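Here is the structure we will look at, set down as structure tokens.
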Amino acid sequence: MSARSASSKGFKGPLIARLWHGAVPAAKGDAYAAYLRRTGVTECRATPGNRGVEVLRRTSGGETHFLFISFWDSLDAIRGFAGDDVERARYYPEDREYLLELEPNVTHYDVLES
């Protein structure tokens, strides 16, 4: 993957977006959002080469869906957060208590505009 330049928000040079999706029962949505902030968001932002995190949330029916988007300098930077297999989703111990399914993979995109 060769990331391209993103033009705004102060991003300079290549930028890769890493997208993960997860769903929880709607009744656990607020608790999972707080847990996600304490774990994935905090650790992701602290990893060298991370350029930001966005978390989107949507409740539909009895489920609350989260889309976690992190922005990175390079695949090597992503490895610092995710490990050697950058395509595998990274989970924390309590995720099993919340998530309806542990989706095995993430998706990466080159960011063209931001």
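Points worth noting:
- Subset of the stretch 47-64 (residues that are under 13 Å from the mean Cα position of the chain (by Cα) and either within 18 Å of residue 87 (Cα to Cα) or of a type outside the set (Lys, Arg) (or both)): 47, 50, 52, 53, 54, 55, 56
- Check on residue 97, touching a residue at least 40 places away in the same chain (Cβ under 8 Å), farther than 12 Å from residue 19 by Cβ and surrounded by fewer than 14 Cβ atoms within 10 Å (Cβ to Cβ): no
- Residue satisfying all of: in the stretch 65-74; touching a Lys or Arg at 6+ places or on another chain (Cβ under 9 Å) and either farther than 13 Å from residue 18 by Cβ or not aliphatic (A, V, I, L, M) (or both); surrounded by the most Cβ atoms within 10 Å (Cβ to Cβ) among these: 72
Residue-wise test of (1) surrounded by fewer than 16 Cβ atoms within 10 Å (Cβ to Cβ); (2) of a type in the set (A, V, I, L, M); (3) over 18 Å from residue 108 (Cβ atoms).
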residue	(1), (2), (3)
38	yes, no, yes
41	no, yes, yes
53	no, yes, no
57	yes, no, yes
63	yes, no, yes
76	yes, no, no
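- For residue 26, the conditions (1) surrounded by fewer than 16 Cβ atoms within 10 Å (Cβ to Cβ); (2) in contact (Cβ under 8 Å) with a residue 40 or more places away in the chain; (3) hydrophobic (A, V, I, L, M, F, W, C) all hold with the exception of (2).
Just so you know, all these numbers are worked out from the coordinates, no wet-lab data involved. Here the structure is a predicted model, which means the values were calculated and not measured. For neighbour counting, all protein chains shown are included, and Cβ atoms are generated from backbone atoms with ideal geometry for every residue, glycine included.
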